[in-house]
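Some notes on the structure that comes next.
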Amino acid sequence: MSTAKVTSTGSSYGVQALPKIAYGKGSYLYDVNGKRYLDGSGGPAVYCLGHAHPEVTEAVKQQLDRIAHAYRYLFTSDAVEELTEIITRNTDGHFPNIIYVSSGSEAVESCLKIALQYHTARGEKSRRRFIARERSWHGNTLGALSVSHFKTRREPFEGSLLDVAFVSAANAYRPPEGVTPEGLVAHLAKELEEEILKIGPDKVAAFIFEPVVGAAGGVVPAPEGYARAMRAVCDKYGVLMIGDEVMCGSGRTGTWRALEHDGVVPDIMSVAKGLAAGYQPLGAALYSDKVHEALVAAHGGAMTGHTFTGHTAACAAGVAVQKIVARDRLLERALDRGAKLQQELRSALSDVAELGDVRGRGFFIGLELVSDPITKVPFPAYASLHAAIGRRAFDAGLICYPCTGNVGGTAGDTVILAPPYNASEEELGEIVSTLSQVIRDSVVEARRTVAT
Ligand code: PMP
């Protein structure tokens with residue numbers, strides 16, 4: 001028996017002794033004790049084809065039989081070429097330039113570096129500052145963490161992070177004080193413009209945002225027109241736009257790019273989780289020809305990349321996943337079925353007054369619970385409702401993604417659902433019935449905690 005200590009980066013579930021996994025099959029996972037878990041959130045919105053999909057497994061095996069990894073700076077490969085073609089097609093030709101990496105953080109890190117290099121290449125070396133948003137999460141490496149507004153995760157590293165400016169989150173359920181729903185987009189665009197002017201346009205490299213906020217907000221799609229308004233401000237001042245689609249991209253919201261919904265094309269974007277759907281670690285930074293041409297002219301190309309850039313077996317997994325998603329028309333399914341899933345959740349929870357908001361797009365859905373639905377006052381942090389829901393669901397054999405609690409009174413407890421795109425009707429029904437009961441019980445418990 002192994003005596004090695006398995007370390008974790010911490011879990012919002014607060015699960016002390018993690019069960020040991022035995023295997024996965026479709027939308028279910030099984031631990032070594034035979035307990036079954038329905039994957040209602042695809043882990044952290046990763047497993048868009050469920051587990052052990054035989055076609056993906058076979059494609060990876062075949063690649064491993066040929067070669068696991070051919071160093072990208074010496075060889076190209078069928079897998080890299082095919083995946084590049086697929087991504088270029090799926091992004092309507094806007095992003096033919098791709099740096100493959102092994103995680104979302106590396107993808108974001110690469111996007112930040114590409115933006116800086118672009119300005120250097122164009123002789124605007126003073127453009128070093130990034131503007132990001134409050135209530136955002138972009139990853140754990142130092143650059144990605146610097147643009148993330150996640151206080152507890154930043155805190156141990158403060159002092160060594162990049163000097164980043166933060167503007168308001170785009171959250172229609174919780175707009176800045178005094179801002180009406182109709183005035184929200186104009187208010188946020190003005191705020192970005194003022195921030196650029198305050199820093200000095202010649203000093204700003206890029207604005208980075210999640211088109212649909214994931215872990216830091218509990219799935220928050222920006223209000224209609226937001227991305228277009230922000231694009232216009234960026235363009236006015238020569239500021240690059242970086243769309244972080246690590247969580248919301250690769251079809252999760254029912255379009256391959258989340259920003260397709262808004263009719264907006266950023267200059268640079270990141271993808272990861274759903275790209276190879278967890279069958280291999282894979283992420284990518286995608287960038288436009290405008291950016292690429294500047295990098296090539298000045299430096300011969302993007303000066304970022306890793307040993308495992310374009311890992312052959314990882315790209316083979318990506319090819320297999322993306323082919324199945326297209327063949328089985330799973331984006332259309334996520335879009336339509338996701339909208340219905342939101343309705344089903346609202347109706348199953350219609351007796352829970354504390355259900356403040358159900359929102360999302362496609363198979364990326366967030367539920368926000370509040371102590372008072374009129375004032376939107378959250379449950380106190382000590383009630384830790386989101387973690388209680390995650391833990392109770394896990395005990396009941398449902399995996400959901402509890403992601404935020406009361407942040408200084410500015411947010412309620414949120415839970416994410418991100419089922420596999422190919423989850424069956426029965427599985428979706430089971431997610432709704434189990435989660436609604438779990439939420440009902442957890443709210444009763446939270447009420448009791450607050451009362452005592
Ligand atoms: N960006 C976003 C929007 C994310 O949600 C995450 C992970 N939750 C990351 C970046 C970082 O990805 P990874 O954990 O794979 O490094």
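Shown is the FRET efficiency for residue 350 and residue 444, computed with R0 = 22 Å from the Cβ-Cβ distance and rounded to the nearest 0.05: 0.85. For the stretch 316-391, chymotrypsin sites (Phe, Trp or Tyr not before Pro) are listed when DSSP marks them as loop and at most 15 other Cβ atoms sit within 10 Å of their Cβ; the list is empty. Dividing the mean sequence gap of close Cα pairs (under 8 Å, 6+ apart) by how many residues the stretch 57-327 holds gives a relative contact order of 31 percent.
Over 24 Å apart: what share of the alpha carbon pairs of the stretch 57-327 falls there, rounded to a whole percent? Within the stretch 57-327, distances greater than 24 Å cover 47 percent of Cα pairs.
Write down, largest first, the equivalent ellipsoid semi-axes of the stretch 256-368 in whole Å, where each equals the square root of 5 times an eigenvalue of the alpha-carbon gyration tensor. Intermediate values should be presented prior to the final figure.
On the way: eigenvalues 253, 66, 35 Å².
Gyration-tensor ellipsoid for the stretch 256-368: 36, 18, 13 Å.
Summarising the label geometry, the points placed 7 Å from Cα in the beta-carbon direction at residue 76 and residue 153 lie 3.5 nm from one another. Computed extension length for residue 343-residue 298: 11.0 nm, one decimal, from 0.36 nm per residue of separation with the Cα-Cα distance subtracted.
One Cα centroid belongs to the stretch 119-137, the other to the stretch 44-64; the line between them spans 36 Å.
Once the chain from residue 190 to residue 36 is taken as fully extended at 0.36 nm per residue, the excess over their C-alpha distance is 50.5 nm.
When all alpha carbon pairs of the stretch 174-333 are counted in 5 Å bins from zero, the resulting P(r) reads 2, 8, 14, 17, 19, 17, 11, 7, 4, 1, 0 %. Counted over the chain, the DSSP beta bridges are approximately 70% antiparallel.
What does the highest-first list of 442-450, 391-399 look like by mean Cβ count within 10 Å?
391-399, 442-450
Applying the Karplus relation 6.51 cos²θ - 1.76 cosθ + 1.60 with θ = phi - 60° to the stretch 192-208 yields 3J(HN,Hα) values of 5, 4, 5, 5, 4, 5, 5, 6, x, x, 6, 10, 9, 8, 7, 10, 10 Hz, where x marks Gly and Pro.
If R0 equals 30 Å, the separation of the Cβ atoms of residue 57 and residue 142 corresponds to a calculated FRET efficiency of about 0.30. Centre-to-centre separation between the Cα atoms of the stretch 335-379 and those of the stretch 403-440: 9 Å.
Computed over the Cα atoms, what is the radius of gyration of the stretch 173-247 divided by 2.2 N^0.38 Å, N being its residue count? Here the Cα radius of gyration is 1.12 times the empirical estimate. With only Cα atoms counted, the chain has Rg and Dmax values of 21.6, 67 Å.
No value in this document is a laboratory result; all are computed from the given coordinates. Model, not experiment: these values are computed from the prediction. Neighbour counts run over all protein chains shown; Cβ positions are idealised from the backbone, glycine included.
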